[in-house]
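Right, one structure below, let's go through it.
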Amino acid sequence: MSELQCDLLIVGAGPAGMAAAIEARARGLTVIVADEGKQAGGQIYRQAAHSPLAHADQVLGADYAAGRPLIARFMASGAQYFAQTLVWQIEPGAPLSAMLTCRGEAGGTLRVRAQALLLATGAQERAWPVRGWTLPGVMGVGAAQTMLKAGGLVPGANTVLAGSGPLLWLYASQLLQAGRTLRAIVDTTPRGALRGALRHLPRAWRAGEYLFKGLRMMRAVRRSGIELYRAARDVEVLGEAQPHLPAKARAIRFRAGGHQYEIPADLILLHQGVVPGGNAARSIGCAHRWDDAQACWQPQVDSWGRSSVARVWIAGDGAGIGGAKAAEHAGELAALDIAADLGHIDPPTRASASRAARAELDHHLTIRPFLDALYTPPPSLRRPAEDVVVCRCEEVSAGEIRRLARLDCAGPNQLKAFSRCGMGPCQGRWCGTTVGELLAEVQGRQPREVGYYRIRAPIKPVTIDELATVLPTDRDFVRGEFPS
Amino acid sequence: MFELLPLSTAATVSIDLDGHTSRVPAHFSVAEALLASGRNTCRASQVSGEPRGPFCMMGVCFECLVDIDGVPNQQACMTPVRPGMQVRNMRGKARLA
Amino acid sequence: MSVPRTFDIVVAGGGLVGMAIAYGLVRTGARVAVCDGDDNAFRAARGNFGLVWVQGKGARCLPYAQWSLGSSERWSSFAAQLTRETGTDPGFDRPGGIELCETAAELEAGHKLLESLHQREAGLGYQVLDNAALRRRVPAASAQLAGALYSRNDGHANPLFTLSALHQAFQLRGGAYLPRHEVTEVRPFAGRFDVVTPGGTFEAGRVVLAAGLGNARLGPMVGLRAPIAPLRGQIMVTEKLAPFLDYPTLVVRQTREGSVMLGDSAENVGLDDGTTRNVMADIARRARTAFPMLAHARIVRAWGALRIMTPDGLPVYEESAAQPGAFLAICHSGVTLAAAHADTIAPWIAGGARPAVIDPFVTARFNASTEVGYV
């Protein structure tokens, strides 16, 4: 196992991580970037530099293509970049210490000591537990879009999109660009959400390009003739057990406009927006806050991205959902703050160098209040019915969680202890927020008071072999003595 | 269930999915190879045995667990295909011995 | 419905020690409240490995082995009763326990210890297993291990399901469980006690301090000394694996769900319940040495928990001489002793005679110069 040192360790090579690496390198810092993916780009710019599609720009659009120059600048920045590499433990301190395991062809475990750390681990799709969501044939809209970008794959025509949020319209319009179609789109945005969001419109107007793009995508979908259902409720996926074959999804059922519908489909893609992926930050002890507007947890950061833990910054969607361009500028700002903190630039330089990025970041964030008001799912969509599985890994239902909550369970950690909810390999990524919502609902508390799971290393599962290679073989380890 | 759009690359590799040899684009992840071949179920849950398949395609849900070349519980969506790779569905709990 | 203010007995602490005692107390018909901390409190119960373990205990104090053995023998009916009353199964099994020995020297030392204990107490039977005998019982064990020590007195349970069952059984019998009511002060008053919490003050005829590390602060309020210090243990858990290990060992234990727990570390690090890569690596190497097939097993979770350690590692069960009716309960083997806590300690606290078997477990055994815990 080898050991490396650097000024700045960046976890994640999406727009925030790449932009930070570029800026930090320009200021003379030594930079290591670790990312789990095969190539740089994160999720939003996945495979943007080497798309497998023959007509990538035509299908995926200009926003995606904009990732290419960023990736090129990152690859030329002089940062030491480890692809297919998982950062599974981070210990704060001076210097910080992180454990990395590379899972590519040349594997191995590596320790990095850094003067500063930037977490740019991005977001994940929000969990939206509905009856039948664990059936094969149910995936996320983001998952399908990843398959399009990374694989060049599109779903068959017997596919239904269900949920809410810009990604629904983006993905649908990308499929249309590729000459494909969909069986239906089931939009769960509640009646009245737009009215509630209108008060944010003046602000959103400043980033009007987002509004226009959204409207264009929606118009393209409407013109395509794809069946569209609005203000849908009570969404569930129906499965079929076939003789000698495993069960899988066969239809989506929902209510809309006073009627109940059942649409047969081979593939059902669900989406309720994206939320920050918080496990890395929580494992270090970064403080988090509940954001009411986005109904999710976010790490507490200042305007430069500095977290509550010394020498740890967080930027991009992992700090709060803002989209790709906002992430890029937040990455630059964090890098400038880190460079100043490490003495590579002085405060006046930091101030002048950050002005443009700060203005850009503010610009791109003006659309957020409108989008949040329009698309953040209401409590009824965040608090599933009794028989719905909440913890996919351990198959714990909402009913079981509510039962324990009624027994005055102290919080998510005690609930985890009693139900196994959150103990599986996804480490609470798909159940943690729902557990908090259910505890809040039953116990008459706010999600912010209820809290979240205690998250620790390993940040994702690692094998015994990967863990065991950490210790240098020449160093004697003293096992404590047990008195009795 | 999933089809390929026109690709910019023709490179392929040969892999073994559940005993069937398939030629797949070299840029695929194992999960993409499974889904493209019509297999949306890749395991039977270790808790109840119910069928599960890929869900998030970005490495955070741990549903797409498969046995690759004898090593169990690997995330198919995070593993690029390799020539000669043998992929098997996970049936319940992993047997390591 | 508001919570009553007066109870027969208030138990400070809702972990394995507090809840087992509280459960035993409600079985006597007493009106009992458990005042528990919040979700993020230290909670040694959540860090427990789950052993019901007797083997090797008692070298310093034979009664400790006898106390542990007695509890182990009661565990089966304790678990059965909890299952009947709540439908939650503590997951207890007693196939006997195995202490794995990497080297011949370890095996020999362990053998000598167990033999000397067996000589003094016939119930502490054991067997020495060479590598071949070990692998007949545990085929997955490494061919490189020197051997193992086996004792039929040992078993294991699921500490979290045990705690959950105790919570439910306690409440089903009318006990008042009050989370977010951490006891901040106990005020003796005219032979009774005012118990102060953020959620209000309660009055009780008797009070039991089972607040783990919190006992150090509460004890002196009722004339009791609690010389305890935190001793961190780190534990890791794997994904669920097909069954390969039928016996609990001190360092590796496979649960009924299939996951494998790996542990056994001890560090003096104050109140730091985090995990460290060095200890995790050491635990991983030891697990792989004992069971080579674990090399590809994935660790899904790891945690540190702070054991409640007295200077000699032995329990404390004591009634305050200055404030009769105030009791102190301290131990680090909350699962092993859970049955004894419910069946034997609780009746004593409820007003019965003090059982002779717990005679040694008083703080007078520590001379005045024994360091007080730094909590």
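The values are calculated or read from the model by the stated rules, or taken from the named source; none is laboratory data. This is a predicted model, so every value here is computed, not measured. Here the Cβ positions follow ideal geometry from the backbone for every residue, glycine too, while neighbour counts run over all protein chains shown.
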> Can you find even one residue in region A:318-340 that is surrounded by fewer than 21 Cβ atoms within 10 Å (Cβ to Cβ), at pLDDT 95 or above and aliphatic (A, V, I, L, M)?
Replying inline: yes
> Of the conditions (1) touching a residue at least 12 places away in the same chain (Cβ under 8 Å); (2) outside any strand (DSSP E or B), residue C:352 fails just one. Which one is it?
Replying inline: (1)
>> With the structure loaded, tell me whether residue A:417 is at pLDDT below 95, within 11 Å of chain C (Cβ to nearest Cβ) and not in a helix (DSSP H, G or I) or whether it fails that test.
In response: no
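Here is a yes/no grid of residues against (1) at positive phi; (2) part of a loop (DSSP other than H, G, I, E, B); (3) small (Gly, Ala, Ser):
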site	(1), (2), (3)
C:41	no, yes, yes
C:63	no, no, no
C:71	no, no, yes
C:90	no, yes, no
C:99	no, no, no
C:109	no, no, yes
> Which one is nearest to residue B:96 (Cα to Cα), of the residues in region C:236-251 that are within 11 Å of chain A (Cβ to nearest Cβ) and assigned to a strand (DSSP E or B)?
Replying inline: C:238
> Is it fair to say residue B:8 is surrounded by fewer than 20 Cβ atoms within 10 Å (Cβ to Cβ) and in contact with a His (Cβ under 9 Å, 6 or more places away or on another chain)?
Replying inline: yes
>> Condition check: within 13 Å of another protein chain (Cβ to nearest Cβ), in a loop (DSSP other than H, G, I, E, B), over 16 Å from the mean Cα position of the chain (by Cα) and β-branched (Val, Ile, Thr). Does residue C:54 satisfy that?
In response: no
> Given the structure, is residue A:84 at positive phi, within 12 Å of another protein chain (Cβ to nearest Cβ) and in contact with a strand residue (DSSP E or B) (Cβ under 8 Å, 6 or more places away or on another chain)?
Replying inline: yes
>> Give all pairs with beta carbons closer than 7 Å in which a residue from region B:37-60 that is more than 7 Å from every other protein chain (Cβ to nearest Cβ) meets a residue that is among the polar types (S, T, N, Q) and outside any loop (DSSP other than H, G, I, E, B); count only pairs at least 6 apart in sequence or on separate chains.
In response: B:37/B:22; B:42/B:89; B:43/B:89
> Out of all the residues in region A:150-172, which are away from every other protein chain (no Cβ under 14 Å) and among the hydrophobic types (A, V, I, L, M, F, W, C)?
Replying inline: A:161, A:162, A:168, A:169, A:170, A:172
> When you look at residue C:241, is it crowded, with 22+ Cβ neighbours inside 10 Å, in contact with a helix residue (DSSP H, G or I) (Cβ under 6 Å, 6 or more places away or on another chain) and within 25 Å of residue C:89 (Cα to Cα), yes or no?
Replying inline: no
> So how many residues does region C:111-125 have that are without any contact (Cβ under 8 Å) to a residue 24 or more places away in the chain and assigned to a helix (DSSP H, G or I)?
Replying inline: 4
> Which ranges mark the strands (runs of 3 or more DSSP E) fully within region B:1-60 that have 1 or more residues being acidic (Asp, Glu)?
Replying inline: B:2-4, B:12-17
> Of these, C:267, C:318, which one is more than 10 Å from chain A (Cβ to nearest Cβ) and acidic (Asp, Glu)?
Replying inline: C:318
> Can you name the residue in region A:376-406 that is basic (Lys, Arg) and in contact with a helix residue (DSSP H, G or I) (Cβ under 7 Å, 6 or more places away or on another chain) and, of all such residues, is surrounded by the most Cβ atoms within 10 Å (Cβ to Cβ)?
Replying inline: A:382
>> Residue under question is residue B:3, and the condition is that it be at the interface with chain A (Cβ under 9 Å from one of its Cβ atoms), surrounded by fewer than 20 Cβ atoms within 10 Å (Cβ to Cβ) and more than 21 Å from residue A:154 (Cα to Cα); does it hold?
In response: no
> Of the residues C:79, C:59, which is of a type in the set (Gly, Ala, Ser) and more than 12 Å from chain A (Cβ to nearest Cβ)?
Replying inline: C:79
>> Only one of C:325, C:351 is in contact with a strand residue (DSSP E or B) (Cβ under 6 Å, 6 or more places away or on another chain) and more than 11 Å from every other protein chain (Cβ to nearest Cβ). Can you tell me which?
In response: C:325
> With B:30, B:24, B:87 as the choices, which residue is crowded, with 21+ Cβ neighbours inside 10 Å, within 14 Å of residue A:147 (Cβ to Cβ) and touching an Asp or Glu at 6+ places or on another chain (Cβ under 9 Å)?
Replying inline: B:24
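Results for (1) under 17 Å from residue A:154 (Cα atoms); (2) surrounded by fewer than 22 Cβ atoms within 10 Å (Cβ to Cβ); (3) at pLDDT below 95; (4) more than 14 Å from chain B (Cβ to nearest Cβ), shown as yes or no for each residue.
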| position | (1), (2), (3), (4) |
| --- | --- |
| A:23 | no, no, no, yes |
| A:31 | no, no, no, yes |
| A:47 | yes, no, no, no |
| A:76 | no, yes, no, yes |
> residue A:178 versus (1) more than 7 Å from every other protein chain (Cβ to nearest Cβ); (2) closer than 18 Å to residue A:63 by Cα; (3) surrounded by fewer than 23 Cβ atoms within 10 Å (Cβ to Cβ): which is the lone unmet condition?
Replying inline: (1)
> Among the strands (runs of 3 or more DSSP E) contained in region A:251-332, which hold 1 or more residues that are under 27 Å from residue A:132 (Cβ atoms), more than 14 Å from chain B (Cβ to nearest Cβ) and without any contact (Cβ under 8 Å) to a residue 60 or more places away in the chain?
Replying inline: A:259-264
